[in-house]
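Novice: Quick one: the structure is below, and I'll ask about it shortly.
We did not get these values from a lab; they are worked out from the coordinates using the rules stated. Model, not experiment: these values are computed from the prediction. Cβ sites come from the backbone with ideal geometry, for glycine too, and all protein chains shown count toward neighbours.
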Amino acid sequence: MVSRSIKEVTDIIREHLAPRHIRFPNTANEINRIKEGFFLKHRIGGVVGCIDCTHVPILAPAEADEDHPPIVYYNRKGYYSLNVQLICDVNMKILAAKSQFPGSVHDSAIWAASIIRTNVERKFREGNNIWLMGDSGYPLEPWLLTPILGAQPGTPEARYTLRHSQTRNVIERCNGLLKMRFRCLSKKLLYHPIRVGKIVYAAVVLHNLAIDFNLNDLNDEEHLIIDNDGT
């Protein structure tokens, strides 16, 4: 009965609320609003989101499930999971989520398969100065800025990397806030991977609604989990 209710509720949230509450900026006004938010806080122009992945533990799929072999869900940290890609704005609102990839899939591979990558690249090539910020697990691209590892102190590269880290920290805080709001995402969800992916996506919708309605009672810097659980 509980399992059926979870299915019905998550499906309703995904079908009826997600299209309105998980939206990557598309219009000039939407893009400029997000760019302005990052610039006002971190003095870096052109940023339309910060990207990272986080692992959601799952029950190992059955060995007989040929479409979902357990081995592909076994991540480098030694447990079964989904590797969930999230992109957020400066206020920790999630602009895009991909929650169907197995735990063994690297962050960069999820990004390569993302429609958001295609959209950002297209807008960049059309002359828009926009980019995302990701950690060193991602490839450096004109539309995806990564840190400069080993930058010498006092150099422009070091100053850039420091500012990059300060800006990108919001996605780690966002991942942590999402898991604080929905503690089940930090525990082993005892459902099929497809169902877990839908639960995660529904949680993202509710997280965004909480931000839209200023229900940020968990957004306390002293208690907020910093999640850097990506691949």
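Novice: Take Val84 and tell me if it is of a type in the set (Val, Ile, Thr), within 23 Å of Asp227 (Cβ to Cβ) and part of a loop (DSSP other than H, G, I, E, B). Even if it seems obvious, please write down each step before you answer.
Specialist: On the way: of a type in the set (Val, Ile, Thr): yes; within 23 Å of Asp227 (Cβ to Cβ): yes; part of a loop (DSSP other than H, G, I, E, B): no.
So Val84 does not fit the description; no.
Novice: Determine, yes or no, whether Ser104 is over 13 Å from the mean Cα position of the chain (by Cα), surrounded by 20 or more Cβ atoms within 10 Å (Cβ to Cβ) and either of a type in the set (Ser, Thr, Tyr) or part of a loop (DSSP other than H, G, I, E, B) (or both). Step through it out loud before you land on a result.
Specialist: Working: over 13 Å from the mean Cα position of the chain (by Cα): yes; surrounded by 20 or more Cβ atoms within 10 Å (Cβ to Cβ): no; either of a type in the set (Ser, Thr, Tyr) or part of a loop (DSSP other than H, G, I, E, B) (or both): yes.
When the stated conditions are applied, Ser104 does not pass them.
Novice: When Glu141 is evaluated against the numbered criteria (1) free of Cβ contacts under 8 Å to residues at least 24 places away in the same chain; (2) more than 23 Å from Gln166 (Cβ to Cβ); (3) touching a helix residue (DSSP H, G or I) at 6+ places or on another chain (Cβ under 8 Å); (4) surrounded by fewer than 22 Cβ atoms within 10 Å (Cβ to Cβ), which criterion, by number, is the only one it fails?
Specialist: Checking Glu141 against (1) free of Cβ contacts under 8 Å to residues at least 24 places away in the same chain; (2) more than 23 Å from Gln166 (Cβ to Cβ); (3) touching a helix residue (DSSP H, G or I) at 6+ places or on another chain (Cβ under 8 Å); (4) surrounded by fewer than 22 Cβ atoms within 10 Å (Cβ to Cβ), the one that fails is (2).
Novice: Counting just the residues of the stretch 11-31 that are in a helix (DSSP H, G or I) and aliphatic (A, V, I, L, M), which one comes out surrounded by the fewest Cβ atoms within 10 Å (Cβ to Cβ)?
Specialist: First pass over the stretch 11-31, keeping only residues in a helix (DSSP H, G or I): 11-21, 28-31.
Within this subset, residues satisfying the condition of being aliphatic (A, V, I, L, M) are 12-13, 17-18, 28, 31.
Working: Ile12: 12, Ile13: 20, Leu17: 15, Ala18: 17, Ala28: 9, Ile31: 17.
Result: Ala28.
Novice: Quick one: in the stretch 137-146, which of the residues that are part of a loop (DSSP other than H, G, I, E, B) and of a type outside the set (Ser, Thr, Tyr) is nearest to Lys123 (Cα to Cα)?
Specialist: Among those that are part of a loop (DSSP other than H, G, I, E, B) and of a type outside the set (Ser, Thr, Tyr), it is Trp143.
Novice: For residues that are within 21 Å of Ile58 (Cβ to Cβ), out of contact with any strand residue (DSSP E or B) (no Cβ under 8 Å at 6 or more places or on another chain) and small (Gly, Ala, Ser), tally how many sit in the stretch 160-192.
Specialist: Final tally of qualifying residues: 1.
Novice: Is the stretch 7-28 home to any residue that is free of Cβ contacts under 8 Å to residues at least 40 places away in the same chain, over 17 Å from Tyr201 (Cβ atoms) and among the small types (Gly, Ala, Ser)?
Specialist: Looking for residues that are free of Cβ contacts under 8 Å to residues at least 40 places away in the same chain, over 17 Å from Tyr201 (Cβ atoms) and among the small types (Gly, Ala, Ser), one finds at least one in the stretch 7-28, hence yes.
Novice: While we're looking at this one, here's another question. Look through Lys98, Lys93 and report the one residue that is without any contact (Cβ under 8 Å) to a residue 24 or more places away in the chain, buried (at least 19 other Cβ atoms within 10 Å of the Cβ) and under 30 Å from Leu209 (Cβ atoms). Let's see the steps before the verdict.
Specialist: Numbers: Lys93 fails: without any contact (Cβ under 8 Å) to a residue 24 or more places away in the chain.
Answer to the selection: Lys98.
Novice: What residue, among those in the stretch 113-136 that are outside any loop (DSSP other than H, G, I, E, B), in contact (Cβ under 8 Å) with a residue 40 or more places away in the chain and in contact with a strand residue (DSSP E or B) (Cβ under 8 Å, 6 or more places away or on another chain), is surrounded by the fewest Cβ atoms within 10 Å (Cβ to Cβ)?
Specialist: Filtering first and then ranking leaves Ile116.
Novice: Let me ask something else about it. Go through the stretch 33-70 and report how many residues are in a loop (DSSP other than H, G, I, E, B) and either hydrophobic (A, V, I, L, M, F, W, C) or within 15 Å of Ile194 (Cα to Cα) (or both).
Specialist: Of the stretch 33-70, the ones in a loop (DSSP other than H, G, I, E, B) are 43-46, 59-69.
Adding the requirement that they be either hydrophobic (A, V, I, L, M, F, W, C) or within 15 Å of Ile194 (Cα to Cα) (or both) leaves 44, 59-62, 64-69.
Selection size over the stretch 33-70: 11.
Novice: Taking Ile87, is it surrounded by 13 or more Cβ atoms within 10 Å (Cβ to Cβ), touching a strand residue (DSSP E or B) at 6+ places or on another chain (Cβ under 9 Å) and either of a type outside the set (Lys, Arg) or within 25 Å of Pro61 (Cβ to Cβ) (or both)? It would help to see each step written out before you state the result.
Specialist: Numbers: surrounded by 13 or more Cβ atoms within 10 Å (Cβ to Cβ): yes; touching a strand residue (DSSP E or B) at 6+ places or on another chain (Cβ under 9 Å): yes; either of a type outside the set (Lys, Arg) or within 25 Å of Pro61 (Cβ to Cβ) (or both): yes.
For Ile87, the condition - surrounded by 13 or more Cβ atoms within 10 Å (Cβ to Cβ), touching a strand residue (DSSP E or B) at 6+ places or on another chain (Cβ under 9 Å) and either of a type outside the set (Lys, Arg) or within 25 Å of Pro61 (Cβ to Cβ) (or both) - is met.
Novice: Have a look at Leu149, Leu162 and point out the one that is without any contact (Cβ under 8 Å) to a residue 24 or more places away in the chain and either among the charged types (D, E, K, R) or not in a helix (DSSP H, G or I) (or both). Quick ask: steps written out before the conclusion?
Specialist: Working: Leu162 fails: either among the charged types (D, E, K, R) or not in a helix (DSSP H, G or I) (or both).
Matching residue, one of Leu149, Leu162: Leu149.
Novice: If you don't mind, there's one more thing I want to ask. Find all pairs meeting these conditions: Cβ atoms under 6 angstrom apart; at least six residues apart or on different chains; first residue within the stretch 168-179 and among the basic types (Lys, Arg); second residue assigned to a helix (DSSP H, G or I).
Specialist: Going by the 6 Å Cβ cut-off, the qualifying pairs are Lys179/Leu185; Lys179/Ser186.
Novice: From (1) under 14 Å from Val47 (Cβ atoms); (2) under 18 Å from the mean Cα position of the chain (by Cα), pick out the condition that doesn't hold for Tyr138.
Specialist: Answer for Tyr138: the failing condition is (1).
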